[in-house]
Amino acid sequence: MVAGSNAMDRKLVFTYGTLKRGFSNHGLIQSLICSGDAVFVGAAATAGRLPLVCGPYRVPFLLNLPGAGNRVSGELYAVSSRALARLDELEGVSRGHYERLPISVVVFHGKEEVELEVEVEAYFAHRSYAAELWRRSGELGFGAYSDAEAKGYVKRKDRPQDITFLDQIRVFVASHN
């Protein structure tokens with residue numbers, strides 16, 4: 001058993017964007033699974049409606065604005081504290097990019113599509129710019145981050161390095177469609 005992989009130490013994390021299978025940051029989840037620090041739980045969706053929008057570089061953001069948007073589909077993972085620290089780093093939690101908050105999701109189980117509602121955590125756009133991001137999107141969100149929404153996504157290494165991501169977000173929300 002890998003250190004930190006005790007099931008009791010796990011947190012459930014809902015992924016809805018680039019961490020999902022088939023998207024650019026899923027390699028991190030795969031490496032966490034290989035090290036025993038993450039386990040795929042299943043397909044899930046937000047229990048309530050929330051906005052899912054794309055910001056600069058087609059980066060997906062879930063907005064903590066309950067009742068707006070759609071039910072958002074994604075994937076649920078059980079992760080160790082070590083994995084959670086790696087995810088927090090990727091999501092820029094300490095830099096004000098995203099914040100990890102509680103959320104209710106419905107997990108789909110088996111062929112009968114049994115729905116089980118559970119409290120988990122997800123990475124939301126930081127509250128300092130979430131409302132502006134929603135306005136910038138025309139108050140239109142997606143039900144899923146799919147290949148269509150991801151078209152045009154720019155990996156972190158390929159973005160301008162002379163400006164912080166937070167500043168890139170601020171420029172994006174200040175610009176017009």
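The candidate values are (1) 122; (2) 323; (3) 145; the one derived from this structure for volume of the Cα convex hull per residue in Å³ carries the label (1).
So which trypsin sites (Lys or Arg not before Pro) in region 75-151 are both in a DSSP loop and have at most 10 other Cβ atoms within 10 Å of their Cβ?
Sparse-neighbourhood loop trypsin sites (Lys or Arg not before Pro): Lys111, Lys151.
Annotation for region 99-177: GluC sites (Glu not before Pro) lying in DSSP loop with at most 15 further Cβ atoms inside 10 Å of their Cβ are Glu112, Glu113, Glu139. Counting Lys and Arg as +1 and Asp and Glu as -1 over every other residue whose Cβ lies under 15 Å from the Cβ of Arg159, the net charge comes to +3. Spatially, region 82-133 and region 17-38 are offset by 15 Å when compared through their Cα centroids.
What trypsin sites (Lys or Arg not before Pro) does region 11-47 have in DSSP loop regions with at most 13 other beta carbons within 10 Å? Qualifying residues, ordered by number: Arg21. Each Lys or Arg adds one and each Asp or Glu takes one away; over the other residues whose Cβ falls under 14 Å from the Cβ of Ser24, this sums to +4. Phi angles across region 127-142 convert, under the Karplus curve 6.51 cos²θ - 1.76 cosθ + 1.60 with θ = phi - 60°, into 3J(HN,Hα) values of 4, 5, 9, 4, 5, 5, 5, 5, 4, 4, 7, x, 6, 10, x, 10 Hz, Gly and Pro given as x. With the simple model of a label 7 Å out from the Cα in the direction of the Cβ, Ser128 to Arg159 spans 1.4 nm. Remark: the Phe40-Ala85 segment gains 14.5 nm on full extension, using 0.36 nm per residue and subtracting the alpha carbon distance. Approximating the spin labels as points 7 Å out from Cα along Cα→Cβ, the Asp167-to-Val118 distance works out to 4.1 nm. Based on DSSP H segments of at least four residues, each scored -39500 (n - 2.57), the chain has a per-residue ellipticity at 222 nm of -6000 deg cm²/dmol.
You can think of it this way: the chain between Asp9 and Ser24 has 2.7 nm of extra reach, that is 0.36 nm per residue less the Cα-Cα gap.
For the chain, a crude dipole built from +1 on the beta carbon of Lys and Arg and -1 on the beta carbon of Asp and Glu, taken about the Cα centre, is about 440 debye to the nearest 20. Charge tally for Ala68 (other residues, Cβ to Cβ under 15 Å; Lys, Arg +1; Asp, Glu -1): +3.
Rounded to the nearest 10 degrees, the inclination of helix 165-174 to the longest alpha-carbon principal axis of the chain is 50 degrees.
The protection proxy used here, the mean number of other Cβ atoms lying within 10 Å of each residue, ranks peptides 30-42, 69-81 as follows, highest first: 69-81, 30-42. Taking 0.36 nm per residue of sequence separation and removing the Cα-Cα distance, the Asp147/Ser94 pair yields an extension gain of 16.2 nm.
All of the numbers you see were taken from the coordinates with simple rules; none came from a lab. In this text the structure is predicted, and so the values were computed from the model without any measurement. All Cβ positions, even for glycine, are placed from backbone atoms using ideal geometry, and neighbour counts span all protein chains on display.
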